[in-house]
Amino acid sequence: MLTLPVAFRVLAVLAVAVFVMFRQSRFGWHVLAVGGNRKAARHGGIAVKRTVFLAYALAGLIVGLAGFLFAARQNSIAADTGIGMEFFVLTALVVGLGGFVPGRGAVVSVLLGFATIYMLNNVLVNSGYRGDVVQFVMGGIILVILAIDVRGRKNRHRLLASTYLDPVALTLAPVQGMEGMMPDEITPALAGATVLGTGLIDGPEDVLLDDQDNLYCGTRDGRILRLSGPEFQTAETLAKIGGRPLGLALDAGGDIITCVAGMGEVRVTMAGAVTLLADQTSRTLISVRDDRTIRMAEDLDIAPDGVICVTDATRRYVIENLGMDLLEGRPNGRLLAHDPKSGKTRTVCDQLIFPNGVCVTHDGKHLLVASSWTCSILIFDLADMSAGQRVFMSGLPGYPDTINRASDGGYWIALAGMRNPVFDAAMTLPGVRRRMARQVPPTNWLFGNLNIGGVLTADGQGVIRQALWDAPDGPLYMITSMREHRGAL
């Protein structure tokens, strides 16, 4: 090792240091996150400006060290020293990474790219080709790789789906308990509903009301809005969270606890202050599987003892790709419990199929959880969550989303879409769904219907008592939540 050139030894040390930085350090993860998606990194709580500044400072330090070593090797330096080397570096990076790939820190592949271009450059020069010919070859290499990269990006969604999607057979219980209550059998009660917040709200998932009749909901662009009651004609931004707020609940102190996609659990005060409660679960010393990150916090409710029960709907997909979780049909979700007193979050039940809405029962002894893709409602014993789930309702006519308590002792259940016999059959055939993902463009994939929005009411025994539907051509084709408040829904 001591007989090797100093520059090579420095290269080896720096390569190992950068490799460890990207793999093991928080700063390295932040650099990759900012490089991959600056907006998402900001939403995730990363100090983007500081990370960019430190990244440029580190790059400047490394370039300065390289210049010092190059000057020492040449025994001289001039104003034009190093001109053209930036093109050499760019070509080597493109070859090593396979294109302009943001958010990647691939030290080994970049070193291989540099070695390849270095040897090719030496072959061309030693063969007698002029410098402009060498530059032309380097430019041609970049264009070829970028052309391949662009073509790959156009089909990346289909490629990822065909390689990552791992569907299994899922048999759903037939629709039951809906005699005389299906959309084509009764008058659409929701067709006469008043639409609130027209032009003010984009993508609300859950809705919440306080004692002053103010209405709260999240938006697609990462805000929580407050619509002043009782007319709800004006809206103001209560807080800017970053990630998309989904489930909402009021705690004993009057603050809003919300699930934020990709971030976890967040507390929002009525003054607009935002505090992150949890973004990962507590990992035990004997745990082998690293499942700490709360990837898709969907909904929550607060138990009588103050523990916050949260559904982490899927650990494999983000909110933009939830349809792939449906196509997969696997138990990728889990139920979490966050104790505000200790600040710890633990997994209380794993291997659930897209757990969505959460609701503490009227007696405060049980917890209802909507399993959207199985069209069923599960029930847990709050005193013994480790005992697992039992089926409270099954054979629902659509995909259940949020569950909320009703004033008559029963429960409201939002249906985000209606079931389809064709798709029900496809869920029993994983091979069909796998071939579809490989051979059909994503825009033509078969999915569950989002056509007629509905709300069901069920009693304490899980018997459906009423169904409220929108008209087939109405605006409420996807209902994700509801609240009963002062005699209105």
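Observations, loosely collected:
- Index of the failed condition, V455 passing every other in (1) surrounded by 15 or more Cβ atoms within 10 Å (Cβ to Cβ); (2) at pLDDT 90 or above; (3) assigned to a helix (DSSP H, G or I): (3)
- From D350, D401, residue being surrounded by 21 or more Cβ atoms within 10 Å (Cβ to Cβ), part of a strand (DSSP E or B) and either without any contact (Cβ under 8 Å) to a residue 12 or more places away in the chain or acidic (D, E) (or both): D401
- Some residue of the range 117-132 being under 26 Å from R23 (Cβ atoms) and of a type outside the set (A, V, I, L, M): yes
- Pairs meeting the criteria (first residue in the range 364-382 and closer than 17 Å to D339 by Cα, second residue among the hydrophobic types (A, V, I, L, M, F, W, C) and buried (at least 23 other Cβ atoms within 10 Å of the Cβ), beta carbons under 6 Å, at least 6 apart or on different chains) are L367/C309; L367/F380; L382/L367.
- Picking from residues in the range 138-161 that are within 14 Å of R435 (Cα to Cα) and buried (at least 16 other Cβ atoms within 10 Å of the Cβ), the one that is modelled with the highest pLDDT is A161.
- Positions within the range 297-319 being in a loop (DSSP other than H, G, I, E, B) and surrounded by fewer than 24 Cβ atoms within 10 Å (Cβ to Cβ), in sequence order: A303, P304, D305, G306, V307, R315, R316, Y317, V318
- When residues of the range 373-405 are limited to those that are charged (D, E, K, R) and closer than 18 Å to D301 by Cα, the one nearest to the chain's Cα centre (by Cα): D401
- If you check V358, V391 for being touching a strand residue (DSSP E or B) at 6+ places or on another chain (Cβ under 9 Å), surrounded by 19 or more Cβ atoms within 10 Å (Cβ to Cβ) and outside any helix (DSSP H, G or I), only one passes: V358.
- Check on A191, over 29 Å from M263 (Cβ atoms) and modelled with pLDDT of 95 or more: no
- Selection of the range 308-340 for residues being acidic (D, E) and touching a strand residue (DSSP E or B) at 6+ places or on another chain (Cβ under 6 Å) yields only D312.
- Filter result (within 29 Å of A72 (Cβ to Cβ) and either touching a helix residue (DSSP H, G or I) at 6+ places or on another chain (Cβ under 7 Å) or surrounded by 14 or more Cβ atoms within 10 Å (Cβ to Cβ) (or both)) within the range 32-61: L54, A55, L58
- Restricting attention to the range 463-481, the residues being of a type outside the set (A, V, I, L, M), under 32 Å from the mean Cα position of the chain (by Cα) and farther than 15 Å from T194 by Cα number 4.
The values are calculated or read from the model by the stated rules, or taken from the named source; none is laboratory data. None of the values given here were measured: they were computed from a predicted structure. Cβ sites come from the backbone with ideal geometry, for glycine too, and all protein chains shown count toward neighbours.
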